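The values are calculated or read from the model by the stated rules, or taken from the named source; none is laboratory data. Note that the coordinates shown come from a computational prediction; the quantities given were computed from them, not determined experimentally. Using ideal geometry, Cβ is built from the backbone for each residue, glycine included, and neighbour counts are taken over all protein chains shown. Accessible surface is based on the protein model in full, side chains and every heavy atom, while ligands, DNA and RNA are left aside. Shrake-Rupley method; radii C 1.70, N 1.55, O 1.52, S 1.80 Å.
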Amino acid sequence: MTDAPLHLLKMAVGVADLGELRRIRAARQKERGGSWVYTRNHPRRAEEVLAGGSIYWVIRGQIRVRQGVTGFHSERDDNGRAYCLIEVDPELVPTLLRPWRPFQGWRYLTPADAPPDAPMGPGGIAAMPERMLAELRALGLL
C-alpha cells in the first residue's frame, strides 16, 4: 500500500451542475437514511481507498467535486447478483476543474491525477456561478 490514498472516479450521468448533484445526493440520503453510491463491482483495492480516499464526480466532462469514502459493503440482490455499496461522507467538496472523458462504471484515480480542493470563500472558484464557469472554460481559462 502507498502513503497516499487511492481514489475512485464516477460519472454523474444526467447531472447538469454541482447544485443539481447536491440536490440529488441530499434527496437520496434523506430517502435511504445514509449516504452511499451503488455499483456492481466491489473495488479490489478497497483498502487503499479506505486509507483516506474519495470518490470524485465527473459532471459534464469535468471533475467538479468529491466525497470522502468511509466504507464498502458487498451485498446480493433478490436474484443473487452481487453489488457493492460505497459508503460516502455526505459533504460534497468542490475541486478545481479537471477535464475527463466519459467512461462507464467507476475508475481508480491516482493522487497525482486528483484535482485539489477548490478555494472556498467569496473569491473561490466554488462560489462562481455555473454560467461564469462555463464561459471561462470556453475561453480556455479553466
Theoretical ellipticity at 222 nm over the chain - DSSP helices of four or more residues, -39500 (n - 2.57) apiece, nearest 500: -5500 deg cm²/dmol
Where the eigenvalues come from the Cα gyration tensor of the chain, what are the semi-axes √(5λ) of the equivalent ellipsoid, largest first, in whole Å? 27, 17, 14
Once you place label points 7 Å from the Cα toward the Cβ at Val93 and Ala138, how far apart are they in nm? 3.2 nm
With Cβ to Cβ distances under 13 Å as the rule, what net charge do the other residues near Ser74 carry (K, R +1; D, E -1)? +1
Out of Ala112, Ala46, Ala12, a Gaussian network model of the chain with alpha-carbon springs under 10 Å gives the largest mean-square fluctuation to Ala112
So what does Val65 come to for accessible area, using a 1.4 Å probe and Å² rounded to 10? 0 Å²
Zone reached by a paramagnetic label modelled 7 Å from Glu47 Cα along Cα→Cβ, restricted to the range 89-121 with backbone N below 20 Å, covers 108-111
Of the GluC sites (Glu not before Pro) in the range 14-106, those whose Cβ has at most 16 other Cβ within 10 Å and which sit in DSSP loop: Glu91
Between Arg22 and Ala112, the FRET efficiency computed from the C-beta separation at R0 = 41 Å comes out, to the nearest 0.05, as 0.90
Across the range 42-57, in residue order, what do the Karplus-derived ³J(HN,Hα) couplings come to in whole Hz, using 6.51 cos²θ - 1.76 cosθ + 1.60 with θ = phi - 60° and x for Gly and Pro? 6, x, 6, 9, 4, 4, 5, 6, 5, 7, x, x, 10, 9, 9, 9
Built amide H within the under 5 Å cut-off of Leu8, gap 5+: Ser54, Ile55, Tyr56, Leu109
